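Novice: Here you go, one structure.
Nothing in this text is a laboratory measurement; each read-out follows from the coordinates by a stated rule. The structure presented is a predicted model; accordingly, all values stated were derived computationally and were not measured. For neighbour counting, all protein chains shown are included, and Cβ atoms are generated from backbone atoms with ideal geometry for every residue, glycine included.
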Amino acid sequence: MSIKIVTDSTSDLPKDLVEKYNIKVVPLSVNFGQESYLDGIEISNKEFYKKLRSSDKLPTTSQINPGEFVEVFNEILNSGDEILGIFLAKEFSGTFPSAEIAKDIIKSDKIHLIDSRGVTGVLASVVLAAADLVERGLSMENIELRLEEHIRNSKSLIIVDTLEYLVKGGRISKATGAIGSVLSVKPILKIENGKLERLTKVRGRKKGIKWIIEWVKDNSFDLSDKRVFVLDTDDPDFHESIKKALEKNFEVGEIVDIEVGAVVGTHGGPGCGGICFINEKI
């Protein structure tokens, strides 16, 4: 019996890593009016952001339902493997509770579920940490203990380019959004313990990158033995700017490039960028 890692599409894991570690990715859905697409399967990132930019209304997103998880879990169990499911924070979606319902329906002690307390790069970092631990042959009990520690030490900062999508989603007022656009205000958000919080705001994305670099330095984070995730929402040039700033200022153990997909991109909009890492040696 081996351990099969299952996650959801908001991990935004690169396909080569999904294949390398044989990870099962279950997709959420994004909906433009009556049209529904499985994230990363029925719509590519490029196609999604093109539709997002031309859409007057913000698309909606749909969680994975318990029945879908029952089907996925049973298929894995029937092959003789044990399941380690790692999903986005329950505060952001009902996907994790759906996985819990599926586990209750199946009633198997071979299903182990973990709430990553984050999304996109945070979720990806926990999933890849799990893959490393599985490869090292640790027991499921030890893997779960290590992952809970990794989750507590996860760090994630996101620079939001435009407030337009936060306005459309009702997260901020139209007046605040209009002022932000005129002043080129870029909020810097953190994802921590299942919450999205604003740390500060800066004028322009270059200052945003500088702020993140100084934040790493001020907190004396050692990135030389870390896997650092650099992410963007359909802005490869901004992605490269963040990456080059990291490489210029720090010795980084490994950089993983993340293209943020449709579900997370719905809420952040295009032009976001940021970094994620676990402040602990993997």
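Novice: I need to check one value: relative contact order of the chain, counting alpha carbon pairs closer than 8 Å and at least 6 residues apart, in percent.
Specialist: 22 percent
Novice: Based on the alpha-carbon set only, what is the convex hull volume of the stretch 154-278 divided per residue, in Å³?
Specialist: About 97 Å³ per residue, rounded to a whole number.
Novice: I've got another one for you. Name the residue, out of ARG152, ARG198, ARG136, whose mean-square fluctuation peaks in a Gaussian network model built on the chain with Cα pairs under 10 Å.
Specialist: Comparing ARG152, ARG198, ARG136 in a Gaussian network model of the chain, the most mobile one is ARG136.
Novice: If one computes the Cα centroid of the stretch 14-52 and of the stretch 117-150, what distance in Å separates the two points?
Specialist: Between the Cα centres of the stretch 14-52 and the stretch 117-150 lies a distance of 23 Å.
Novice: Exposed loop GluC sites (Glu not before Pro) only (DSSP loop, at most 15 other Cβ atoms within 10 Å): please give the longest stretch of the chain free of them, not including the sites.
Specialist: It runs 92-250.
Novice: Which Cα, out of ILE83, LEU196, LEU38, lies furthest along the positive dipole direction of the chain (beta carbon charges, K/R +1, D/E -1)?
Specialist: LEU196
Novice: Treating each Cα of the chain as an identical point scatterer and ignoring solvent, apply the Debye formula and state log10 I(q)/I(0) at q = 0.17 Å⁻¹.
Specialist: Rounded to two decimals, the profile gives -1.42.
Novice: Could you tell me which residue out of ILE275, VAL72, PRO187 lies farthest along the dipole of the chain toward its positive end? Charges go on the beta carbon: Lys and Arg +1, Asp and Glu -1, centred on the Cα centre.
Specialist: Looking along the dipole axis, the top candidate is PRO187.
Novice: Would you mind working out the magnitude of the charge dipole of the stretch 154-278 relative to its Cα centre, with +1 at each Lys and Arg C-beta and -1 at each Asp and Glu C-beta, to the nearest 20 Debye?
Specialist: 660 debye
Novice: Given charges of +1 on the Cβ of Lys and Arg and -1 on the Cβ of Asp and Glu, with all other atoms neutral, how large is the dipole of the stretch 94-148 about its Cα centre, in debye to the nearest 20?
Specialist: 80 debye
Novice: Can you tell which of VAL6, PRO97, VAL263 lies farthest toward the positive end of the dipole of the chain, using +1 and -1 charges on the Cβ of basic and acidic side chains (Lys, Arg; Asp, Glu)?
Specialist: Of VAL6, PRO97, VAL263, it is VAL263.
Novice: Rounding to the nearest 20 debye, state how big the charge dipole of the chain is about its Cα centre with +1 on each Lys and Arg Cβ and -1 on each Asp and Glu Cβ.
Specialist: Rounded to the nearest 20 debye, it is 1340 debye.
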